[in-house]
1. In whole Hz and in residue order, list the ³J(HN,Hα) couplings for segment 252-259 that follow from phi through the Karplus curve 6.51 cos²θ - 1.76 cosθ + 1.60, θ = phi - 60°; x for Gly and Pro.
2. Please report the relative contact order for segment 165-307, taking Cα pairs under 8 Å with a sequence separation of at least 6, and give it as a percent rounded to a whole number.
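Any read-out appearing in this document is the output of simple, stated calculations on the displayed coordinates, not a laboratory observation. These numbers were taken from a predicted model, which means no experiment stands behind them.
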Amino acid sequence: MDKTSKTLSLFHLLDTLSSTVIMCSMSRTVLPGVRVPYGIRPAIASDRGAIQYLLNHSWRVYLPAGFQWLEQRLTAGDCWVMVEGRREVAGVVAVLRRHPEVVSIVGAAVRNGMPVALYVEMTLATLELYGRRQRACGLTCLGSASWLSETLSAQGFRACEHVITYGWQARPISVTGNTTVTVEPVRYHELEAVAAIDRQIFAPVWHKPYDELEFALGRADYFVVAKHEQRIVGYCWSEWSETRGHLTRLGVVEDWQGKGVGTRLLTEALNAMVQFGITWVTLNTQVSNWPARRLYERHGFRNLGQAVPLLWKDLRATSPNPDASVSLG
């Protein structure tokens, strides 16, 4: 699937949100006359074990990019826990500021037996307050977990775009495309340029902010840039495990689109995966992104037929433009 905002520190969040812990009037009776309230507070480092336990034992978990990303958001200070009686962790939610205008839910889980509607009502109140304080105009969430998306829809979220998955049965492939560019591993000091390209070519709801790119640099199996005379004109990021690979991101700066840079980056990435022993490759893109879809289909990717909605809730009067129809070939 196919820019940069400063991440607030955990201490700043604790300071700004300490006066806004939300206690819900709904509660569970554990002994006659004793009611145990639920509350929301910023997650702290010592919550890691309880959060991991929750993720391992709950039936209702939303982690589209895995636990590493939720843990990274906890470290960044963009994670909250729902607690019972101020101690026991009964739920967790984490967000990522993709753009100054957009806050995305990137992790969520609720304990078995906890009413999902109560969890969503309480966490959403916290996220809306956070979003408005950051002057964001909306919240987003991929609708890949029905237990979460159905409840969010009841709270005013609406689909603004759909994401589809493509698959490719790996086979030997030649590197083609623009031969005037060089493709080489990205270096740390180049991440700002990569983030700038991302801001330029993708709509706000799809941005990869700098801290996400920085995190990816330390864990991605394949992260390269395309250069022309030392100028970065495109980039590609992929990950794999055993025989399965995923093309996470591919972008080309506007004035180099349609010149074969996307083809070069794609075929370089696929060739690297084949050499590693990958047999099946997936990627995600927007339904509306026809230039990207044509590029992938031209190289043998097929639409796997499932469209996942991107849910959006306005925090202001404006709505995002999800159209990210850029030419990559």
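1. 10, 4, 3, 6, 10, 6, x, 10
2. Relative CO of segment 165-307 lands at 36 percent.
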